[in-house]
Amino acid sequence: MKRQTRTIAAFSCLIVLLVLTLFINIFIGSAGLSFSEVFHVLFDGTADDTTSGIIWKIRIPRVLAALLLGGALALSGYLLQMFFHNPIASPFVLGVSSGAKLTVALVMIAAVSRFRTVNSAVMILAAFTGSLISLGFVLLISKKMERMSMLVVCGIMIGYICSAITDFVITFADDSDIVNLHNWSVGTFSGMSMENVKVIAAVVLTASAGTFLLSKPIGAYQLGESYAQNVGVKITFLRTALILLSGLLSACVTAFAGPVSFLGIAVPHIIRVLFKTSKPLILIPGCFLGGSIFCMLCDMLARTVFAPTELSISTVTAIFGAPVVIAVLIRRKRGEL
């Protein structure tokens, strides 16, 4: 009963924080808007066109994208940690985000030079392909590595290689629109539209629902493959689903916002500490909510602290996420994880 009460209280706190962070992001920005102006835009539509445009065309699409993509990245990190049984596995650390970034950059350069526009579905497919290629390399390496720490090192090296190729391609691109890919390549939610948000919502919410439906098999898998097989879990199907769902979630993030560092590692551990449980049925929605809050807060800081200059989202997530990773490594060294 006590644990159930704690779980309800923790979820209540996350939901309240989510709503507060959402509205704070809408109210705060480089353009100074009063409370009454924002209120009129949101609830009675009597504000002028400029104020309405700032709210509906810039701030709301951006904060909704941060909400959805932050939750997606936290879930992706959680799935990879379950798959590899490694507490610091994440799309960024294992080079998955960098692989997705490389394929998206190549496709965008090819498409812009010919057609001038890139379809959202094409971007997601390109990022998904890059994610799976990177994960394929990591899986091949994992079969030859006895120590999981070496797997992480190899993943980081794969990420560096992909990032180096991406930077090289972007640096020598001629078209000014392609050169502007540099901002995307370091992570940003700038330039989001409601059309982007609709596509993001369709992909992320579908993949998240699929992840939640796997809560029971994932719980059995946590206790070991032998136990999972004994209770009827199809290991091959589950492992394939974990990889595909994680790849799709991280691919959607990279396709629209570029690579975002440390969020996928840090948030699952924060949620475990908050709920004091390892049950996937609780951690999966908890990670989504926690990732959304973390990402919205970091994006708010990225666009307001040095306004009108905007920091990359990865710069801010690294500042707050890296200490969590260090704490995880220290606890693991002491045998607490």
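FRET efficiency for Ser193 and Val231, Cβ-Cβ distance as r, R0 = 56 Å, nearest 0.05?
On the way: r = 46 Å, r/R0 = 0.82.
Calculated transfer efficiency: 0.75.
Here the Gaussian network model covers the chain, with springs between Cα atoms less than 10 Å apart; of Val96, Val16, Val186, Val16 fluctuates the most.
Can you classify segment 1-143 as rounded, prolate or oblate using the Cα gyration tensor, where a ≥ b ≥ c are the square roots of its eigenvalues, rounded means a/c under 1.5, and otherwise it's prolate if a/b beats b/c and oblate if not? Oblate is the answer for segment 1-143, as a/c is 1.5 or above yet b/c matches or exceeds a/b. Comparing Ile235, Ile158, Ile60 in a Gaussian network model of the chain (Cα springs below 10 Å), the most mobile by mean-square fluctuation is Ile235. I want the local charge near Val107. Using Cβ-Cβ distances under 13 Å, sum +1 for each Lys or Arg and -1 for each Asp or Glu among the other residues. After counting each charged neighbour, the total is +2.
Given the DSSP H assignment, sum -39500 (n - 2.57) over each helix run of at least 4 residues in the chain and divide by its residue total; what's the result at 222 nm in deg cm²/dmol, nearest 500? Could the numbers behind the result be given before it?
Values: 16 runs with 256 residues, N = 337.
It comes out at -25000 deg cm²/dmol, rounded to the nearest 500.
Using C-alpha pairs below 8 Å separated by at least 6 residues, the relative contact order for the chain is 30 percent.
Please report the net charge: other residues with Cβ closer than 15 Å to the Cβ of Ser314, K and R +1, D and E -1.
On the way: positive: Lys101, Arg303; negative: Asp167, Asp299, Glu310.
Net of charged neighbours comes to -1.
Label separation (Leu20 vs Arg239): 4.4 nm, computed from points 7 Å beyond Cα along the C-beta direction. Here the Karplus curve 6.51 cos²θ - 1.76 cosθ + 1.60, taken at θ = phi - 60°, turns the phi angles of segment 25-32 into couplings of 4, 6, 7, 9, x, 5, 8, x Hz, with x standing for Gly and Pro. Each of the peptides 99-106, 324-331, 248-255, 268-275 was scored by the mean count of other Cβ atoms within 10 Å over its residues; in descending order, highest first, they stand as 248-255, 99-106, 268-275, 324-331. Dipole orientation for segment 222-317: of the candidates Gly224, Leu281, Pro268, Gly224 has the Cα lying most toward the positive pole (charges on Cβ; Lys, Arg +1; Asp, Glu -1). Each peptide in 62-74, 29-41 gets a packing score, the mean of other Cβ atoms within 10 Å over its residues, and the list from highest to lowest is 62-74, 29-41. Look at the dipole of the chain built from charges on Cβ: of Leu301, Val152, Leu18, the Cα furthest out on the positive end belongs to Val152.
Pair-distance distribution of the chain: all C-alpha pairs, bin width 20 Å, starting at 0; shares per bin in whole percent are 31, 57, 12, 0. Placing unit charges on the Cβ atoms only, positive for Lys and Arg and negative for Asp and Glu, gives the chain a dipole magnitude near 1600 debye about its Cα centre. Here the 3J(HN,Hα) profile of segment 231-248, calculated from phi with Karplus coefficients 6.51, -1.76 and 1.60 at θ = phi - 60°, is 9, x, 7, 7, 4, 4, 5, 5, 5, 5, 5, 4, 5, 5, 5, 4, x, 5 Hz, Gly and Pro shown as x.
Read the figures in this text as sums done on the coordinates, not as results from a lab. As the structure is a prediction and not an experimental result, all values here were calculated from the model. So basically every Cβ, Gly included, is an ideal-geometry build from the backbone, and we count neighbours across all protein chains shown.
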